[in-house]
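Here's the structure we're looking at; comments come further down.
The values are calculated or read from the model by the stated rules, or taken from the named source; none is laboratory data. Since we're looking at a predicted model, the values are computed, not measured. Reconstructed Cβ throughout: ideal geometry from the backbone, glycine too, with neighbour counts over all protein chains shown. For the accessible areas, the whole protein counts, side chains as well, though only heavy atoms, and no ligand, DNA or RNA atoms are used. Shrake-Rupley method; radii C 1.70, N 1.55, O 1.52, S 1.80 Å.
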Amino acid sequence: FRFVIKGSLAGAAVYTAYDQGLLGSGMQGAEALKKAQAALPPAIQEWTSYIGWELPPTPKFDFSPSDSWNKGVQTVMSALSVAPTRACEYTVEGWKYVK
């Protein structure tokens, strides 16, 4: 019975992520992030007023997932492009040390 409940929750989470565009392209993910950034502060404010808590204002972030992704891809590709040269250099240094 617990397996069915857990499977249903997991399936609902995957469906919601797909429906909101989080599993699509980078542009769809960026749009979904913008929608979430616009929708979350009012929802949190409503819940805190309902519960009676006072939260500080949320900080503003200027974050672009697509720019971060591109920077990561560029860093990895740069490291892979110099890997053979570095491997040769380290091999030569290792042989010198062994001799």
* Asked: Going through segment 14-32 one residue at a time, which ones are among the aliphatic types (A, V, I, L, M), in a helix (DSSP H, G or I) and open to solvent by 50 Å² or more (accessible area, probe 1.4 Å)?
  -> VAL14, MET27
* **Extreme residue, farthest from the chain's Cα centre (by Cα), among residues of segment 1-13 that are under 25 Å from ALA36 (Cβ atoms) and open to solvent by less than 90 Å² (accessible area, probe 1.4 Å)** => SER8
* Count - residues of segment 33-63 that are open to solvent by less than 100 Å² (accessible area, probe 1.4 Å) and either touching a helix residue (DSSP H, G or I) at 6+ places or on another chain (Cβ under 8 Å) or among the aromatic types (Phe, Trp, Tyr) (or both) -> 3
* To do: Would you confirm whether any residue within segment 70-81 is part of a helix (DSSP H, G or I), of a type in the set (Gly, Ala, Ser) and exposed (fewer than 10 other Cβ atoms within 10 Å of the Cβ)?
  => yes
* Filtered residue count, segment 15-32, keeping only those that are over 16 Å from the mean Cα position of the chain (by Cα) and within 30 Å of ASP62 (Cβ to Cβ) -> 2
